[in-house]
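The values are calculated or read from the model by the stated rules, or taken from the named source; none is laboratory data. Keep in mind that this is a model prediction, so the values were computed, not measured. Counting neighbours? That spans all protein chains shown, and the Cβs are built from the backbone with ideal geometry, glycine included. Surface areas here come from the heavy atoms of the whole protein model, side chains and all, with no ligands, DNA or RNA. Shrake-Rupley method; radii C 1.70, N 1.55, O 1.52, S 1.80 Å.
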Amino acid sequence: ARKYKTPIDILGFAFEFLEFTEIERVPSAPEDGCYIYGLFAEGCRFDLKHGRLEDSRPGEMFTDAPVIYFNPTENYIPDPYDYSMPVYKTTLRAGTLSTTGHSTNFIIYIDVPTKHKPEYWTLNGAALICAMNN
């Protein structure tokens, strides 16, 4: 927002899913936005080649999420066919209800392409997790 003198309240994030999970494969920092890595997918897996969600393989509880590019975008409007995937701090997904109405364990929604309706992933409990509970 500061770089382009854009009001922060008109910015949102568009998301790009890279074809790999290792941050070392990113050639350089982006001009705008940032890359994040190290998330785990629960209740689904990523098809790295096509950049979309797929069903988990049998016996697979968690998988590595790809490197995700957070691209700040003016007046971002999500694709209604994408799944607004919640990102949580831990696998517990529970926390104290904050004044925003979200759990204190909740971080953000990331819009993810899918060939299924978004409701399919909600029923599967698909989410991204920052840290595994031990």
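Restricting to segment 62-89, what's the tally of residues that are farther than 15 Å from I108 by Cβ and either open to solvent by 40 Å² or more (accessible area, probe 1.4 Å) or free of Cβ contacts under 8 Å to residues at least 12 places away in the same chain (or both)? Qualifying residue count for the region: 8.
Cβ-Cβ distances below 6 Å connect the following pairs, each with a first residue in segment 38-53 that is assigned to a strand (DSSP E or B), a second residue that is of a type in the set (S, T, N, Q), and a separation of six or more residues or different chains: A41/T63; R45/S56; R45/T63; R52/T114; L53/T114. Can you say whether G59 is in a loop (DSSP other than H, G, I, E, B), of a type in the set (G, A, S), modelled with pLDDT under 95 and surrounded by 14 or more Cβ atoms within 10 Å (Cβ to Cβ), as far as the supplied structure shows? Spelling it out, it is not the case that G59 is in a loop (DSSP other than H, G, I, E, B), of a type in the set (G, A, S), modelled with pLDDT under 95 and surrounded by 14 or more Cβ atoms within 10 Å (Cβ to Cβ). Of all residues in segment 111-134, none that is more than 14 Å from A65 (Cβ to Cβ) has its Cβ atom under 6 Å from the Cβ atom of a residue that is part of a helix (DSSP H, G or I) and modelled with pLDDT of 95 or more, 6 or more apart or on another chain. Looking only at segment 117-133, which residues are open to solvent by 40 Å² or more (accessible area, probe 1.4 Å) and either of a type outside the set (D, E, K, R) or under 13 Å from the mean Cα position of the chain (by Cα) (or both)? Y120, T122, L123, N124, C130, A131, M132, N133 - these are the residues of segment 117-133 that are open to solvent by 40 Å² or more (accessible area, probe 1.4 Å) and either of a type outside the set (D, E, K, R) or under 13 Å from the mean Cα position of the chain (by Cα) (or both). Filtering segment 93-116 down to residues that are under 21 Å from M61 (Cα atoms) and not in a strand (DSSP E or B), which residue is least open to solvent (accessible area, probe 1.4 Å)? Filtering segment 93-116 for residues that are under 21 Å from M61 (Cα atoms) and not in a strand (DSSP E or B), the one least open to solvent (accessible area, probe 1.4 Å) comes out as N105.
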